[in-house]
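Report on the following structure.
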Amino acid sequence: MPIETRLTQFETTWVPRLNAPLQAAIERDAGDTRLADAMTYSVMAGGKRLRPLLTVATLQALGVTFEEQRHWQPVMALELLHTYSLIHDDLPAMDNDDLRRGEPTNHVKFGAGMATLAGDGLLTLAFQWLTASDLPATTQAQLVQALAIAAGPGGMVAGQAKDIQSEHVDLPLDRLRVLHREKTGALLHYAVQAGLIMGQTPQAQWTPYLQFADAFGLSFQIYDDILDVVGTAAELGKATQKDAGEAKNTYPGKLGLEGANQALIATIQTGKQALAELPAGDGRDLLAAFFSYFDTKRVKP
Ligand code: GRG
């Protein structure tokens with residue numbers, strides 16, 4: 001089966017299953033309030049569920065059977081946290097975006113104050129959900145610690161702070177890579193780590209999984225940067241070096257479009273090499289299929 005099909009099949013099975021209880025679970029915990037409406041609005045706004053899918057795929061690769069009572073709340077906690085980051089990122093005080101996924105952003109719909117609180121609510125509820133499953137208490141504590149490290153001032157928030165500070169600064173590539181690792185990579189790293197923790201996998205076996213996660217995270221960011229350039233070009237392949245150069249703190253800005261594409265191809269290769277260390281089988285193939293998110297043919301040489 002082509003790897004694109006493998007990924008599509010996995011999404012078709014899992015996205016509806018993960019989504020089904022979501023709105024009711026938020027309303028159960030946030031009440032019938034305007035705040036709950038604001039939280040639900042962004043959570044139900046059509047995200048790809050990439051991070052929860054990565055956790056579920058890691059569980060599958062480890063041979064762990066998904067059980068709703070044990071796994072659903074901790075798996076979806078990450079989606080709550082991701083949604084908070086998008087709501088806050090869109091706020092007038094940050095990127096000041098009016099549209100996300102083609103719809104009005106949370107603050108456009110609910111006002112900046114309520115959008116801030118919707119983000120706060122989702123961030124906090126994520127940790128509540130990590131501790132509300134049938135998993136052993138020690139496993140729950142490990143999840144809480146790992147997510148706090150990934151999302152907090154040593155991870156995503158640090159990356160966002162660097163992003164704000166470097167708005168008018170031309171960052172060298174190594175500092176850009178750190179910024180991306182924190183801002184985008186840390187949650188994707190955690191998505192795989194959460195599977196390892198929930199599967200109670202001995203830490204000695206974590207390395208290839210986390211190397212895969214980190215390669216996926218970097219690929220994700222490089223690809224997002226490339227799409228920003230080629231997606232705005234009138235026709236695919238017509239994006240110019242000038243388009244790339246205008247976006248300073250991006251991979252195409254540093255390396256040119258073709259250079260960024262080569263970096264993407266090399267990063268995907270690194271991720272696949274890491275997976276080659278895992279036992280052959282369907283679970284490993286499923287993780288490899290996540291690289292089919294990236295179309296390395298968008299850039300014409
Ligand atoms: C506000 C603390 C704080 C952090 C914000 C994630 C983030 C940090 C900002 C989002 C801005 C951005 C463009 C980040 C790059 C990563 C990215 C493309 C995130 C979007 O993730 P997807 O594609 O989103 O998984 P969906 O819409 O599918 O949920």
What is the magnitude of the charge dipole of the range 3-293 about its Cα centre, with +1 placed on the Cβ of each Lys and Arg, -1 on the Cβ of each Asp and Glu, and no other charges, expressed in debye to the nearest 20?
420 debye
Return the loop-located chymotrypsin sites (Phe, Trp or Tyr not before Pro) in the range 102-207 (DSSP other than H, G, I, E, B) with at most 15 other Cβ atoms within 10 Å of their own Cβ; answer none if there are none.
Trp206
Within the range 1-24, which residues have the backbone N less than 17 Å from the label spot 7 Å out from Gln128 along Cα→beta-carbon, could you tell me?
21-24
Which aspartates and glutamates, if any, have their Cα less than 12 Å from the Cα of Lys183, not counting same-chain residues under 8 positions apart?
Asp89, Asp163
Which residues does the label zone of Asp29 cover in the range 129-166, counting backbone N under 12 Å from a point 7 Å along Cα→Cβ?
129-133
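Between beta-carbons, use under 13 Å as the cut-off and find the net charge around Phe66, counting Lys and Arg +1, Asp and Glu -1.
Values: positive: Arg17, Arg70; negative: Glu67, Glu68, Asp134.
Once positives and negatives cancel, what remains is -1.
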Net charge (Lys, Arg +1; Asp, Glu -1) of residues whose beta-carbon lies under 12 Å from that of Arg6, Arg6 excluded, is -3
Cut-off 10 angstrom, C-alpha nodes, Gaussian network model of the chain. Which of Glu182, Glu167, Glu258 fluctuates the most?
Glu167
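Could you give me D for the chain, from Stokes-Einstein at 37 °C and 0.692 mPa s, where the hydrodynamic radius is the Kirkwood radius over C-alpha pairs? Units µm² s⁻¹, please.
In µm²/s, the coefficient rounds to 164.
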Amide H proximity to Arg100 below 5 Å, modelled H, separation 5+ or other chain, gives Thr105
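Throughout, read-outs are computed from the coordinates displayed, never taken from laboratory work. The structure presented is a predicted model; accordingly, all values stated were derived computationally and were not measured. Counting neighbours? That spans all protein chains shown, and the Cβs are built from the backbone with ideal geometry, glycine included.
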